[in-house]
Amino acid sequence: MPALYAVVMAGGRGERFWPLSATALPKPFIPLLGPKTLIQDTVARIQPLVPGERILISIGAAHADVARKQLPQIPGENFIIEPVGRDTAACLGFCALHIEKRDPEGTMLALPADHFVGDANAYLDTMSRGISNLQGASGIVFGIAPTRAETGYGYVLAEKPVVRADAWPVIRFIEKPDASTAARYVASGNYFWNSGMFLWKNGTLLSLFQQHMPEHYQGLCRLRQILGGSDQEIAAVFSEFPRISIDYGILEKTSGLRLIPAQFPWDDIGSWASLERALPADASGNIAQGPHATPESSGCVIYAQTGTVAAFGVSDLVIVQAYGKVLVCPKNRAADLKRLVAALGPEEG
């Protein structure tokens, strides 16, 4: 059986988690859900299935040092440095070249670094079912059964097998829908959230680049020739890649994909308000991390890095104290924090 390699994608910025997350320390590297950071949780979750020597961390140069510090169990050569951010197509294509160099017959499992997974054992079982169903498929998509009419996620339409089976044939991908369309998707039972977790034979992925993104593939061929060489040469080629996701560039155009319905609680953790779906609330509906007091308050999300945050007689607020900065905003505006970070400017964001 081909060796399995996990690629953990950690290139996001996490502006919606200001002031805890910023350009200098983006979302994967902050302890949002407990004592470990999101990337530490991601790596620990997959290690029973993939040993550390076969886990690759795709990271921007600015965050290479913090990634190495947080993940001492990962060999230094497994930190794959992206010279510039070019979205997931460039990220996974570059990692595919590194896997090809080590093991031409290898299989790639692509994982975002910043998701919440509520059941580690069910997660491993779902990944294993994906591996068992890869033979004969172009690739495996891990889908999440929707629990609400979410407009911020992409969806995947799959065909429910007549006979009960783990894998559903993928029909098509759908970009973020409006609220009424999302509600219809939830009711149908055949639509899943696109989790951003994918599995394929590494050689198949490179062939899909050649078929669906020929210009991108030409760049990968140039990189193949200089892999392990001058950082400057690699950066010059990498910077020419268009900024495009693997979903749009390849998956939406590929036939023969199969979907594995996930059997674990999942969330993309996109804003402070989303912590309500990942952490337990008190009797008044408050979610809190760190020292806090919430007399006569309800429905608040509170994060205290140092010292105590006290919320008295308020409702439905996000209150965050970190790095000498304080954020207070209505919970229903938490998804708009990119606008705040932009207004604050680069020194504060």
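Farther than 18 Å from Ser255 by Cα and crowded, with 19+ Cβ neighbours inside 10 Å, is that true of Gly196? So that I can check it myself, show each step before the final result.
Working: farther than 18 Å from Ser255 by Cα: no; crowded, with 19+ Cβ neighbours inside 10 Å: yes.
In short, no.
Do we find that Leu208 is touching a residue at least 60 places away in the same chain (Cβ under 8 Å), assigned by TED's automatic domain parsing to the domain that holds Gln135 and over 25 Å from Leu124 (Cβ atoms) in this structure?
Spelling it out, Leu208 is indeed touching a residue at least 60 places away in the same chain (Cβ under 8 Å), assigned by TED's automatic domain parsing to the domain that holds Gln135 and over 25 Å from Leu124 (Cβ atoms).
Scan the range 125-166 residue by residue and report those that are β-branched (Val, Ile, Thr), in contact with a Pro (Cβ under 9 Å, 6 or more places away or on another chain) and surrounded by 15 or more Cβ atoms within 10 Å (Cβ to Cβ).
Thr126, Ile144
If you go through the range 46-77, how many residues are touching a Gly at 6+ places or on another chain (Cβ under 6 Å) and among the basic types (Lys, Arg)?
0
Could you check the range 213-332 for strands (runs of 3 or more DSSP E) lying wholly inside it with 2 or more residues that are surrounded by 19 or more Cβ atoms within 10 Å (Cβ to Cβ)? Quick ask: steps written out before the conclusion?
On the way: elements: 257-261, 287-289, 301-304, 317-322, 325-330.
Fully inside the range 213-332 and qualifying: 257-261, 287-289, 301-304, 317-322.
Could you check the range 229-276 and list, in sequence order, the residues that are of a type in the set (Ser, Thr, Tyr), more than 20 Å from Pro214 (Cβ to Cβ) and in contact with a helix residue (DSSP H, G or I) (Cβ under 6 Å, 6 or more places away or on another chain)?
The one that is of a type in the set (Ser, Thr, Tyr), more than 20 Å from Pro214 (Cβ to Cβ) and in contact with a helix residue (DSSP H, G or I) (Cβ under 6 Å, 6 or more places away or on another chain): Ser271.
Name, by its number, the condition in (1) surrounded by fewer than 20 Cβ atoms within 10 Å (Cβ to Cβ); (2) of a type in the set (S, T, N, Q); (3) in contact (Cβ under 8 Å) with a residue 24 or more places away in the chain that does not hold for Asn202.
Only one criterion in (1) surrounded by fewer than 20 Cβ atoms within 10 Å (Cβ to Cβ); (2) of a type in the set (S, T, N, Q); (3) in contact (Cβ under 8 Å) with a residue 24 or more places away in the chain is unmet by Asn202, namely (1).
Of (1) modelled with pLDDT of 95 or more; (2) on the phi > 0 side of the Ramachandran plot; (3) not acidic (Asp, Glu), Cys300 satisfies all except one. Which?
(2)
The values are calculated or read from the model by the stated rules, or taken from the named source; none is laboratory data. Keep in mind the model is a prediction, meaning the values are calculated, not measured. FYI the Cβ positions are ideal-geometry reconstructions off the backbone, even for glycines, and counts take in every protein chain you see.
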